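The values are calculated or read from the model by the stated rules, or taken from the named source; none is laboratory data. This structure is a prediction, so every number in the text was calculated from the model and none was measured. Here Cβ is always computed from backbone atoms with ideal geometry, including for glycine, and neighbour counts include all displayed protein chains.
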Amino acid sequence: MSNPLFQALGGQQNPMNMLNELRTNPVQFVIRQGFNLPQNIPADPNSIIQYLLNSGQISQDRYNQAVQMARIFKY
């Protein structure tokens with residue numbers, strides 16, 4: 001069985017490095033993962049997530065899975 005987190009992170013980079021990149025430059029990180037964002041989107045996570053949900057680039061289920069994974073890493 002493959003690791004969904006590893007797949008979500010592209011299976012190539014160190015997850016901690018990617019997390020640091022996500023924290024320091026969320027817009028560029030999301031774009032590098034293959035998502036489309038408008039140039040004028042604020043660099044805050046809530047705006048990015050809301051745009052991805054509204055544009056159909058991610059589903060509510062996928063978002064919920066990401067939130068669950070984030071909670072695991074928090075502890």
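The residues of the range 25-42 that are in a loop (DSSP other than H, G, I, E, B) and surrounded by 13 or more Cβ atoms within 10 Å (Cβ to Cβ), listed by number, are ASN25, PHE35, LEU37, ILE41.
Could you go through the range 51-61 and let me know if any residue there is in contact with an Asp or Glu (Cβ under 9 Å, 6 or more places away or on another chain), surrounded by fewer than 14 Cβ atoms within 10 Å (Cβ to Cβ) and modelled with pLDDT of 90 or more. Checked against the condition, which is being in contact with an Asp or Glu (Cβ under 9 Å, 6 or more places away or on another chain), surrounded by fewer than 14 Cβ atoms within 10 Å (Cβ to Cβ) and modelled with pLDDT of 90 or more, the range 51-61 yields no hits at all. Scanning the range 43-62 for residues that are farther than 18 Å from MET18 by Cβ and part of a helix (DSSP H, G or I) yields ASN46, SER47, GLN50, TYR51, LEU53, ASN54, GLN60, ASP61.
Specify the residue that is modelled with the highest pLDDT; the eligible residues are those in the range 1-50 that are over 20 Å from ASN64 (Cα atoms) and of a type in the set (Gly, Ala, Ser). So, considering only residues that are over 20 Å from ASN64 (Cα atoms) and of a type in the set (Gly, Ala, Ser), the one modelled with the highest pLDDT is ALA43.
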